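K.L.:
Input: one structure, supplied below.
The values are calculated or read from the model by the stated rules, or taken from the named source; none is laboratory data. Please read these numbers as outputs of a predicted model, since none were measured by experiment. Here the Cβ is made from the backbone with ideal geometry for all residues, glycine too, and neighbour counts use every protein chain on show. Just the protein is used for accessible areas: all its heavy atoms, side chains included, with ligands, DNA and RNA removed. Shrake-Rupley method; radii C 1.70, N 1.55, O 1.52, S 1.80 Å.
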Amino acid sequence: MEYVIIAIILVIILLAILKANKKDASLDFNKLVELLGGKENIISTETNLSRFKVTLKDISKANKDGIQKLGAKGIVEIDNQLKIILGPDSKQLKKYIDEIK
């Protein structure tokens, strides 16, 4: 019986941590959208494993240094596209941007 109680407490703690992390990620996504020049500047998005590809109306509005500081592991600029290596957050970011557009 003691093990069941301990297991339940651990699950509650884990869920609280996951919920807190989601809020932080959402804030980071808001900041990332700002650094890309705002949602009006984003034409389309794609993900491929850990890479997030975004096509922008005006690439000069993107703050690549800021994106790097936010946690991007790498950024490649090609014409009006940025390919950003974000890791496992790429799919979540695409979903977030699709929801706000």
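K.L.:
Under 9 Å between Cβ atoms, which residue pairs at least 6 apart in sequence (or on different chains) link something in the range 66-82 that is within 17 Å of Leu56 (Cα to Cα) with a partner that is polar (S, T, N, Q) and not in a loop (DSSP other than H, G, I, E, B)?
P.N.:
Here the result reads Ile75/Gln68; Asp79/Thr55; Asn80/Thr55; Gln81/Thr55; Leu82/Thr55, each pair linking the range 66-82 to a residue that is polar (S, T, N, Q) and not in a loop (DSSP other than H, G, I, E, B).
K.L.:
Another one. Mind telling me which of the residues Asp98, Asp89 ends up being open to solvent by 50 Å² or more (accessible area, probe 1.4 Å), closer than 17 Å to Ile43 by Cβ, among the charged types (D, E, K, R) and under 14 Å from the mean Cα position of the chain (by Cα)? Spell out the reasoning first.
P.N.:
Working: Asp89 fails: closer than 17 Å to Ile43 by Cβ.
Of the residues listed, the single one that is open to solvent by 50 Å² or more (accessible area, probe 1.4 Å), closer than 17 Å to Ile43 by Cβ, among the charged types (D, E, K, R) and under 14 Å from the mean Cα position of the chain (by Cα) is Asp98.
K.L.:
Does Ser50 meet the test of being under 15 Å from the mean Cα position of the chain (by Cα) and either crowded, with 17+ Cβ neighbours inside 10 Å or hydroxyl-bearing (Ser, Thr, Tyr) (or both)?
P.N.:
Numbers: under 15 Å from the mean Cα position of the chain (by Cα): yes; either crowded, with 17+ Cβ neighbours inside 10 Å or hydroxyl-bearing (Ser, Thr, Tyr) (or both): yes.
So Ser50 passes the test.
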